[in-house]
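To keep things clear, I will list the structure first and then write my remarks on it.
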Amino acid sequence: MLPRLFALLTALACLAMPAQSAQLSLAQISAYFNALKTATARFEQINADGTHSTGTLYLRRPGRMRFEYDPPETALVIASGGAILIFDTKSNQPPETYALRNTPLGLILNNTVDLAQSDMILRHLSDGQTTYVVAQDPQHPEYGSLQMGLSEDPITLRNWVLTDGSGGQTHILLGPLTTGMDLPNRLFDREAVNPRFDR
């Protein structure tokens with residue numbers, strides 16, 4: 001009788017606890033990104049100084065991503081052609097440019113994502129609800145690190161945290177992802193931002 005009672009109490013205790021997700025493996029996360037060809041989502045950005053901004057994310061794998069900020073922000077970030085370009089759309093100055101392969105963001109924009117084989121992965125952990133992957137280029141730690149947060153069932157990218165070389169953090173919270181649409185080349189074309197910029 002006692003073993004049955006103990007089993008029943010254990011079952012009831014488990015039902016009363018919030019469900020926790022198992023940690024996603026790096027292989028599962030890699031497969032998720034490899035299957036993700038196009039996506040859009042609204043985002044909220046919380047900067048290191050506490051200021052907020054919002055905008056729309058456009059993703060087209062491999063190699064392309066666009067962060068389009070809502071006014072009054074004038075920034076625009078495009079990943080395309082193996083580079084990350086940071087524009088001030090009200091400025092006549094050329095964009096800041098970084099090699100995509102030297103940034104952790106390049107991991108998820110590669111033609112084939114294989115996180116388990118990457119030397120950029122620093123940590124891989126779970127809080128029971130979200131799986132986190134922290135990446136940093138060991139050759140360029142001054143570029144900072146990227147922490148991605150993914151939920152399970154279905155596997156979905158929910159947020160990421162960019163930590164710069166001085167330790168400042170930018171949090172990006174994603175709204176629901178819409179996937180499978182056609183995204184035109186002009187979204188990722190630097191000359192569509194300002195035709196005076198040389199390629």
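The values are calculated or read from the model by the stated rules, or taken from the named source; none is laboratory data. All of these numbers come straight from a predicted model, not from anything done at the bench. We place every Cβ from the backbone using ideal geometry, glycine too, and count neighbours over all the protein chains shown.
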Review point. Mind checking whether some residue in region 126-134 is loosely packed, with under 11 Cβ neighbours inside 10 Å and at positive phi?
Key: no
Review point. Listed residues R123, R158; which is under 15 Å from the mean Cα position of the chain (by Cα), within 24 Å of I46 (Cα to Cα) and not hydrophobic (A, V, I, L, M, F, W, C)?
Key: R158
Review point. Just to be sure, is P184 over 14 Å from the mean Cα position of the chain (by Cα) and loosely packed, with under 13 Cβ neighbours inside 10 Å?
Key: yes
Point to revise | Qualifying positions in region 53-70 - outside any strand (DSSP E or B) and more than 14 Å from L85 (Cβ to Cβ) | key: R61, P62, D70
Revision key, fill the gap. Those residues of region 124-163 which are among the charged types (D, E, K, R) and free of Cβ contacts under 8 Å to residues at least 24 places away in the same chain amount to D127, E142
Practice item. Tell me which residues, restricted to region 88-124, are assigned to a loop (DSSP other than H, G, I, E, B), modelled with pLDDT of 90 or more and among the β-branched types (V, I, T). Key: T112, V113
Review point. Out of region 174-185, which residues are touching a Phe, Trp or Tyr at 6+ places or on another chain (Cβ under 7 Å) and in a strand (DSSP E or B)?
Key: L174
Revision key, fill the gap. Within region 71-87, restricting to residues that are assigned to a loop (DSSP other than H, G, I, E, B) and small (G, A, S), the one that is surrounded by the most Cβ atoms within 10 Å (Cβ to Cβ) is G81
